[in-house]
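Quick notes on the structure that follows.
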Amino acid sequence: MSRKLFGTDGVRGTANTHPMTAEMALRLGAAAGRFFRTDGRNGHRVVIGKDTRLSGYMLENALTAGLTSTGMNVLLLGPVPTPGVGFLTRSMRADLGIMISASHNHAHDNGIKFFGPDGFKLSDEAEAEIEAILEGDIALAQPQNIGRAKRIDDGLGRYVEYAKTTFPVRGALSGLKVVVDCANGAAYKAAPEVLWELGAEVIPIGVSPNGFNINEKCGSTYTQTAAEAVVAHGADLGISLDGDADRVMILDENGRLADGDQIMALFAARWAEAERLKGGALVATVMSNLGLERFLTGRGLRLERTAVGDRYVVERMREGGFNLGGEQSGHIVMTDYATTGDGLIAGLQFLAAMAETGKRASELVRQFDTVPQLLKNVRYGAGKEPLSAASVQNAITGAEARLNGSGRLLIRKSGTEPLIRVMAECEDEALLTEVVDGIVAAVEAAV
């Protein structure tokens with residue numbers, strides 16, 4: 001059974017345009033409610049969180065209508081990080097969790113992500129079954145079995161208290177100055193509060209959401225703002241989250257960036273030394289730098305690669321019994337603590353490394369030398385399939401021949417946007433540029 005509506009991270013698109021319309025959200029809510037309410041009993045519950053986009057109100061109300069129409073009781077959390085929804089779904093014994101967010105995308109987009117009762121994102125198979133229900137006649141509840149909806153005031157507080165428990169060194173943040181960039185998104189309350197209550201002096205930025213400024217020149221995809229704040233305030237560390245706070249980038253006291261690969265390398269090495277890295281492996285995607293793989297191999301550890309998408313990282317972690325994984329883009333998945341990427345808890349783990357080693361952030365952000373990597377995106381129109389063009393296939397074959405084992409090439413469609421992503425790695429930077437530009441030109445000619 002294939003999926004048409006769901007991408008690599010739920011359903012996503014431009015707000016008020018198919019599939020991100022109120023009508024589709026209503027039907028999607030009803031289909032998900034029917035999928036999870038299979039035994040006919042009453043008392044099923046679903047928690048719904050969202051980020052700070054204006055369209056979140058519309059989608060929240062539509063989802064609630066669809067879910068209650070199939071007998072689900074809805075608990076509305078308001079703005080809360082995506083990992084908070086995963087945590088609260090399991091903690092509150094909900095049958096289903098939903099996060100309304102388009103993550104790192106700008107405000108005109110939105111998305112809907114589903115979590116099962118175990119707090120983990122749904123499998124491809126479950127999403128395909130929900131799509132199949134949506135395409136048919138959805139069986140609604142009898143009038144006496146329609147669900148109820150209510151606001152939950154303490155959901156965010158529960159997550160805040162849990163996040164604090166993951167920090168292992170009590171009082172260690174006292175005297176540390178931390179910039180936290182919340183991207184005007186879902187963590188704008190939670191992240192500064194957690195850091196302050198753990199003892200840090202907090203400089204919060206990106207904490208004034210207005211419905212339109214999420215990820216706007218701030219957050220993990222625009223770290224310049226946080227880097228400038230770190231230097232201006234003489235901070236010890238910068239933590240830069242994305243709009244739904246499941247990604248993080250770390251900035252040292254000089255404003256120097258550590259991406260997901262460097263953060264994972266640090267955690268993997270420390271956990272392996274402490275004999276807490278399960279399976280002797282780190283799980284990451286095909287996008288992670290070759291330098292990370294060499295770093296792990298040199299320490300007797302393995303890199304298990306998956307398709308792009310944190311959900312596929314988590315699936316492999318669960319299959320293999322691994323407890324650390326993530327993506328170069330900043331998803332850091334630590335199943336000892338969370339069911340999905342958690343930018344705030346990853347930031348706390350980095351701070352724990354500083355506290356336990358006595359080292360400055362600048363001594364920790366660079367774990368390995370990266371192999372030169374170049375990524376370019378090509379946008380394409382609806383109905384186009386540029387990767388199927390013979391000219392594009394010929395360009396890819398030629399590029400692989402030129403690399404001839406000296407590098408790595410990855411061409412893929414984005415799962416969240418109409419983009420072709422062209423990525424290559426090679427020690428020869430001139431060849432790297434030529435290879436990527438040649439494929440990009442071929443793709444642009446085909447769209």
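The values are calculated or read from the model by the stated rules, or taken from the named source; none is laboratory data. Quick caveat: nothing in here was measured; it's all calculated off a predicted structure. All Cβ positions, glycine included, derive from the backbone under ideal geometry; neighbour counts span all protein chains shown. All accessible areas refer to the heavy atoms of the entire protein, side chains included, with ligands and DNA or RNA removed. Shrake-Rupley method; radii C 1.70, N 1.55, O 1.52, S 1.80 Å.
Would you check which residues across region 315-335 are of a type outside the set (Ser, Thr, Tyr), in contact (Cβ under 8 Å) with a residue 24 or more places away in the chain and outside any strand (DSSP E or B) and list them?
Within region 315-335, Glu315, Arg316, Met317, Arg318, Gly320, Gly321, Phe322, Asn323, Glu327, Gln328, Gly330 qualify.
Do any residues in region 117-137 that are assigned to a loop (DSSP other than H, G, I, E, B) have Cβ atoms under 8 Å from those of residues that are open to solvent by 10 Å² or more (accessible area, probe 1.4 Å) and acidic (Asp, Glu), where the two are at least six apart or on different chains, and which pairs are they?
Taking only residues 6 or more apart or on different chains, the pairs are Pro117/Asp95; Ser123/Glu315.
Only one of (1) open to solvent by less than 10 Å² (accessible area, probe 1.4 Å); (2) at pLDDT 95 or above; (3) out of contact with any Pro (no Cβ under 6 Å at 6 or more places or on another chain) fails for Thr165. Which number is that?
Among (1) open to solvent by less than 10 Å² (accessible area, probe 1.4 Å); (2) at pLDDT 95 or above; (3) out of contact with any Pro (no Cβ under 6 Å at 6 or more places or on another chain), Thr165 violates only (1).
So for region 360-367 (the condition being at pLDDT 95 or above, assigned to a helix (DSSP H, G or I), open to solvent by less than 80 Å² (accessible area, probe 1.4 Å) and farther than 23 Å from Asn323 by Cβ), does at least one residue qualify?
Yes, region 360-367 contains a residue that is at pLDDT 95 or above, assigned to a helix (DSSP H, G or I), open to solvent by less than 80 Å² (accessible area, probe 1.4 Å) and farther than 23 Å from Asn323 by Cβ.
All but one of (1) over 19 Å from the mean Cα position of the chain (by Cα); (2) assigned to a loop (DSSP other than H, G, I, E, B); (3) surrounded by 22 or more Cβ atoms within 10 Å (Cβ to Cβ) hold for Leu140; which doesn't?
Tallying (1) over 19 Å from the mean Cα position of the chain (by Cα); (2) assigned to a loop (DSSP other than H, G, I, E, B); (3) surrounded by 22 or more Cβ atoms within 10 Å (Cβ to Cβ), Leu140 fails exactly one: (3).
For region 234-261, which positions are closer than 21 Å to Leu290 by Cα and open to solvent by less than 10 Å² (accessible area, probe 1.4 Å)?
Val248, Ile250, Ala258, Gly260, Asp261 - these are the residues of region 234-261 that are closer than 21 Å to Leu290 by Cα and open to solvent by less than 10 Å² (accessible area, probe 1.4 Å).
If you check Val392, Val422, Val443, which single one turns out to be open to solvent by less than 30 Å² (accessible area, probe 1.4 Å), farther than 30 Å from Val180 by Cα, touching a strand residue (DSSP E or B) at 6+ places or on another chain (Cβ under 6 Å) and free of Cβ contacts under 8 Å to residues at least 60 places away in the same chain?
Among Val392, Val422, Val443, only Val422 is open to solvent by less than 30 Å² (accessible area, probe 1.4 Å), farther than 30 Å from Val180 by Cα, touching a strand residue (DSSP E or B) at 6+ places or on another chain (Cβ under 6 Å) and free of Cβ contacts under 8 Å to residues at least 60 places away in the same chain.
Determine, yes or no, whether Phe350 is touching a residue at least 60 places away in the same chain (Cβ under 8 Å), touching a helix residue (DSSP H, G or I) at 6+ places or on another chain (Cβ under 7 Å), over 23 Å from Pro81 (Cβ atoms) and surrounded by 19 or more Cβ atoms within 10 Å (Cβ to Cβ).
no
Give Ile439, Ile396, Ile420 a once-over and let me know the one that is at pLDDT 90 or above and closer than 24 Å to Lys4 by Cα.
Ile420
Read through the list (1) crowded, with 17+ Cβ neighbours inside 10 Å; (2) modelled with pLDDT of 95 or more; (3) in contact with a Gly (Cβ under 7 Å, 6 or more places away or on another chain); (4) not acidic (Asp, Glu), then give the number of the only condition that Gly309 fails.
In the conditions (1) crowded, with 17+ Cβ neighbours inside 10 Å; (2) modelled with pLDDT of 95 or more; (3) in contact with a Gly (Cβ under 7 Å, 6 or more places away or on another chain); (4) not acidic (Asp, Glu), Gly309 misses (2) alone.
Please specify each residue of region 47-73 satisfying the condition of being open to solvent by 10 Å² or more (accessible area, probe 1.4 Å) and either without any contact (Cβ under 8 Å) to a residue 40 or more places away in the chain or part of a loop (DSSP other than H, G, I, E, B) (or both).
Hits for region 47-73 are Thr52, Leu54, Tyr57, Asn61, Ala65.
Residue by residue through region 76-104, note down the ones that are over 11 Å from Tyr159 (Cβ atoms) and open to solvent by less than 10 Å² (accessible area, probe 1.4 Å).
Those that are over 11 Å from Tyr159 (Cβ atoms) and open to solvent by less than 10 Å² (accessible area, probe 1.4 Å): Gly78, Thr89, Ala94, Leu96, Gly97, Ile98, Met99, Ile100, Ser101, Ala102, Ser103.
Determine, yes or no, whether Ala430 is surrounded by fewer than 17 Cβ atoms within 10 Å (Cβ to Cβ) and at pLDDT 90 or above.
yes
Looking at region 296-314 only, could you name the residues that are more than 22 Å from Gly343 (Cβ to Cβ) and in a helix (DSSP H, G or I)?
Leu296, Thr297
Taking region 278-302 on its own, how many of its residues are touching a helix residue (DSSP H, G or I) at 6+ places or on another chain (Cβ under 6 Å) and surrounded by 21 or more Cβ atoms within 10 Å (Cβ to Cβ)?
Going through region 278-302 one residue at a time, the tally reaches 6.
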